Amino acid sequence: MATRKTQTADAERAEPLPPLLFATSDRAEQRVLAGLKRSGRIRRIGPRLYASVPAAKVPATVQGAWTTIVDRLFPDTVLSHRSAIELAPSPDGELFLTSSTNRDVTYPGLRLRFVRGPAALEDDTKLLHFRASSLARALLENLSTRHRDDRALPVAKLEERLEKVLHVDGDAGLNQLRDRAREIADELGWRAQFGRLDQLVGTFLGTRRAPMKSAIGLARVAGEPFDASCLGRLQLLFASLREPVPDLADPYSSADHFTNKAFFDAYFSNYIEGTTFEIEEAEAIVFERKIPRERPKDAHDIAGTFEIVGDPSGMRRVAADFETFLHLLQGRHAVMMAQRPEVQPGVFKHVPNRAGETRFVHPDYVLGTLRKGFELYRDLDPGIARALFMMFLVADVHPFIDGNGRSARIMMNAELVSAGKSTIIIPTVYRDDYLLALRALTRRHRPRPLVDMATKAQGFSTMSFASYPAVLAELQRRNWFADPDEARIID
């Protein structure tokens, strides 16, 4: 018959353990921890903290659980300085906390650095059972010295945070932040820190002239701010496109091939945006100029798109400089949307736009973001790399009120025509693949699905379009006209 001690040991071995366990003042829990430690199931990794995971996994486990560690072991502290802005350990694994004493507590992968300072203020953010400095307080903490200090973020990072406030909340939001910082500075005697913050805020608002350290700060002062989040996505795609990408030359050169392929490009580019016609109706609109009375604007969308993509000389034009890029982008949009004056053809948007939960680049940031993107574009190889980057640049910035997706695909295919490569058509059946690939980059920062989607699309778009009846039958056979919920493309 098993003894009580054996039963307890067996139970301890059988029960799954959390990755981290915390010491407490409860006697019963202390005995459980002692038993687990004796049996080798846990080991002490620092003050009042035990781990059950393999030693190699302890640092990552500790870093990932920093909020729980602070909450359980140091709930009376204030997450402060750079940590209050980053809400994560520094690259060196350090976390800064304001408390009543100066000291360090070290765990594998995490060093807690306690700094003597004031207790939590009323508007400091509550995280579980502890507090984090409000943004106003944290900015002052990060500006406590002009010299390099591990506790403080570089001034360039603080500028980026201030610019984000200005971007989201406008002048009023930035002024409100400064007003609260002034109150905190008066209360805590941080007037020197506030003076530095006041200079930065005033420079962003155009009332002061302080030297900027960040690219986004310099751009804002120069009057051409850019969207840092969008630029980050563009940089991810740029890095992916610097790797070799399959690119197919167009082996077909007849005029009929170019015209017929341009027709299907215009047809599907409009169809996937919701401007839907039966293929016979679209043929009449484009080739016979028969505009249906009940849908003249929709008909012109297709005719206008075809007018652009069906012009070989026009589609060979690509930009060597930023001004030419803007001229091509706005000029093509003006032609495509000519019958929709309500969307201001060829004019960049003046009000923000969105699609579902996706907010596109703010109007104030359109020009600067396009310029930053174009600088990256110029360092890519001609062909599919530039084409795909150009498409995503226009799609992600969304510079117009309407017609952005079609404009993006026109700019993409112009790059391919210019380089002698096969143009890309996104048929109805492939619409979801296209949209999901875009979202993989915009929402999950994964550029590879977009590259893979485009190379596949170029592959199935490469065929002879010279005989219209033959290619129409072939596209129907390959399910190009099918709804993506009902069929898959045959390539």
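The values are calculated or read from the model by the stated rules, or taken from the named source; none is laboratory data. Source: prediction; values computed, not measured. Counting neighbours? That spans all protein chains shown, and the Cβs are built from the backbone with ideal geometry, glycine included.
Things to note:
- Close pairs from the stretch 428-456: first under 18 Å from Asp265 (Cβ atoms), partner of a type in the set (Ser, Thr, Tyr) and assigned to a helix (DSSP H, G or I), Cβ under 7 Å, at least 6 apart: Thr428/Tyr271; Met453/Tyr434
- Residue selected from the stretch 462-482 under the condition in a helix (DSSP H, G or I) and without any contact (Cβ under 8 Å) to a residue 60 or more places away in the chain, by the criterion surrounded by the fewest Cβ atoms within 10 Å (Cβ to Cβ): Pro469
- All positions within the stretch 236-249 that are out of contact with any helix residue (DSSP H, G or I) (no Cβ under 6 Å at 6 or more places or on another chain) and outside any helix (DSSP H, G or I): Arg242, Glu243, Pro244, Ala249
- Checking Val105 against (1) aliphatic (A, V, I, L, M); (2) buried (at least 21 other Cβ atoms within 10 Å of the Cβ); (3) more than 30 Å from Arg359 (Cα to Cα), the condition it does not meet: (2)
- Candidates are the residues of the stretch 367-422 that are under 25 Å from Ser313 (Cβ atoms) and hydroxyl-bearing (Ser, Thr, Tyr); the one that is surrounded by the most Cβ atoms within 10 Å (Cβ to Cβ) is Ser407.
- Single condition Phe287 does not satisfy, out of (1) at pLDDT 95 or above; (2) not assigned by TED's automatic domain parsing to the domain that holds Tyr430: (2)
- Criterion applied to Asp381, Asp311, Asp321 was being under 30 Å from Glu281 (Cβ atoms) and among the charged types (D, E, K, R), and the one residue passing it is Asp311.
- Residue match in the stretch 309-323 (condition: closer than 17 Å to Phe400 by Cβ and either in contact with a Gly (Cβ under 9 Å, 6 or more places away or on another chain) or not hydrophobic (A, V, I, L, M, F, W, C) (or both)): no
- For first residues located in the stretch 120-138 and under 21 Å from Leu153 (Cα atoms), partners that are among the basic types (Lys, Arg) and not in a strand (DSSP E or B) and lie 6+ apart or on another chain with Cβ distances below 7 Å form the pairs Asp124/Arg137; Ala136/Arg180.
- Evaluating Ser253 against the criteria (1) closer than 21 Å to Arg146 by Cβ; (2) out of contact with any Leu (no Cβ under 8 Å at 6 or more places or on another chain) leaves one unmet condition, (1).
- Boolean, Asp150 is farther than 20 Å from Phe194 by Cβ, acidic (Asp, Glu) and touching a residue at least 40 places away in the same chain (Cβ under 8 Å): yes
- Set Arg220, Arg233: member being outside any loop (DSSP other than H, G, I, E, B), under 29 Å from Asp396 (Cα atoms) and modelled with pLDDT under 95: Arg220
- Flag if Thr125 is closer than 30 Å to Lys213 by Cα, touching a Pro at 6+ places or on another chain (Cβ under 8 Å), modelled with pLDDT of 95 or more and outside the structural domain of Ser25 (by TED's automatic domain parsing): no
- Condition check for Ala320: at pLDDT 95 or above, assigned to a loop (DSSP other than H, G, I, E, B) and of a type in the set (A, V, I, L, M): yes
- Selection of the stretch 52-67 for residues being surrounded by 15 or more Cβ atoms within 10 Å (Cβ to Cβ) and in contact (Cβ under 8 Å) with a residue 40 or more places away in the chain yields Val58, Pro59, Thr61, Val62, Gln63, Ala65, Trp66, Thr67.
- The C-beta contact set for the stretch 368-380 (first residue farther than 14 Å from Leu236 by Cβ, second residue in a loop (DSSP other than H, G, I, E, B) and small (Gly, Ala, Ser), distance under 8 angstrom, 6+ apart or interchain) comprises Phe374/Ala319.
- Elements of the type helices (runs of 4 or more DSSP H) sitting completely within the stretch 353-422 and holding at least 3 residues that are over 18 Å from Val451 (Cα atoms) and more than 18 Å from the chain's Cα centre (by Cα): these cover 404-418.
- Residue list for the stretch 290-327, restricted to those being of a type in the set (Lys, Arg) and more than 27 Å from Ser253 (Cβ to Cβ): Lys290, Arg293, Arg295, Lys297
- Under the condition of being part of a helix (DSSP H, G or I) and over 15 Å from Leu475 (Cα atoms), the residues counted in the stretch 250-265 number 4.
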